[in-house]
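Colleague: Could you have a look at this structure, given as structure tokens, before my questions?
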Amino acid sequence: MLTISPDWHTPKIELSVVTDNRPNSLRRLLTSMTDARYFGDSVSLRINSEQSADPETLTMLDEYVWPHGDVFIHHRVVHGGLMAAVVESWFPRGNDTYGLILEDDVELSPLFYAWAKMSLLHYR
């Protein structure tokens, strides 16, 4: 029988996506995030789109449904560039929150969340 660590629910992982105008790779990332396993955890998602994001990307974000927790979509109104996009993409809510910042050109394993959570439990 599998037992879960009593500390499993202490660290909270929040996801943050940085995107601009790559709708095909963003779609791949969002699909891999949606299909991943979160083991009953509620996971907040923040999507940060640059001011120069193309209409296809913006439409995709407006229609996207995140079934694993809260979602916040932030669209910059002034061009900030990559550095500002990354630096402003996530802020901790407390001592037990951790951010995973993802660019729109990655694809995640279905078990990425388990790896991240187990790493936090082991090393923090």
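Colleague: Could you point to the residue in Phe72, Gly40, Thr10 farthest towards the positive end of the chain's charge dipole, with +1 and -1 charges on the Cβ of Lys/Arg and Asp/Glu respectively?
Modeller: Looking along the dipole axis, the top candidate is Thr10.
Colleague: Next up: Relative contact order of the stretch 1-102: what whole-number percent is it, with Cα pairs under 8 angstrom and at least 6 residues apart?
Modeller: Values: 144 pairs, mean separation 40.3, N = 102.
Once normalised by length, the contact order is 40 percent.
Colleague: Could you give each residue of the stretch 21-31 its phi-based ³J(HN,Hα) in whole Hz, using Karplus coefficients 6.51, -1.76, 1.60 with θ = phi - 60°, and x for Gly or Pro?
Modeller: Coupling constants for the stretch 21-31: 9, 10, x, 5, 6, 4, 4, 4, 5, 4, 5 Hz.
Colleague: Measuring from the lowest to the highest alpha carbon on each principal axis, how far does the chain reach, largest first, in angstroms?
Modeller: Projected onto the principal axes, the Cα atoms of the chain cover 49, 27, 20 Å.
Colleague: Separate question: So between Thr10 and His74, what do we pick up on full extension, going 0.36 nm a residue minus the alpha carbon distance?
Modeller: Between Thr10 and His74, full extension yields 20.4 nm more.
Colleague: Right, next: Can you work out the accessible area per residue across the chain, with the rest of the protein chains kept in place, probe 1.4 Å, in square angstrom?
Modeller: Numbers: 7500 Å² over 124 residues.
For the chain, the solvent-accessible area averages 60 Å² per residue.
Colleague: Sum up the charges of everything whose Cβ sits under 12 Å from the Cβ of Val43, counting Lys and Arg as +1 and Asp and Glu as -1, but leave Val43 out. Could the numbers behind the result be given before it?
Modeller: Numbers: positive: Lys12, Arg37, Arg46, Lys117; negative: Glu14, Asp41, Asp70.
Value of the local net charge: +1.
Colleague: Starting from 0.36 nm per residue, how many nanometres of slack lie between Gln51 and Arg124 once their C-alpha separation is accounted for? Don't skip to the answer; put the middle values down first.
Modeller: Working: separation 73, 0.36 × 73 = 26.28 nm, distance 3.59 nm.
Difference between extended and current length: 22.7 nm.
Colleague: Could you give the size of the charge dipole of the chain about its Cα centre, using +1 on the Cβ of each K and R and -1 on the Cβ of each D and E, expressed in debye and rounded to the nearest 20? Mind dumping the intermediate values first?
Modeller: On the way: 10 positive and 17 negative charges, 83 e Å.
Dipole magnitude for the chain comes out near 400 debye.
Colleague: Return the long-range amide H neighbours of Ile47 (sequence gap of 5 or more, or a different chain), with a cut-off of under 5 Å between placed amide H atoms.
Modeller: Val17, Phe72, Ile73, His74
Colleague: Which percent of the accessible heavy-atom area of the chain goes to carbon and sulfur, probe 1.4 angstrom?
Modeller: Values: 4340 of 7500 Å².
Carbon and sulfur together cover 58 percent of it.
The values are calculated or read from the model by the stated rules, or taken from the named source; none is laboratory data. Predicted, not measured: the structure shown is a model, and the values here were computed from it. Cβ atoms come from the backbone with ideal geometry, glycine included; neighbour counts cover every protein chain shown. Surface areas here come from the heavy atoms of the whole protein model, side chains and all, with no ligands, DNA or RNA. Shrake-Rupley method; radii C 1.70, N 1.55, O 1.52, S 1.80 Å.
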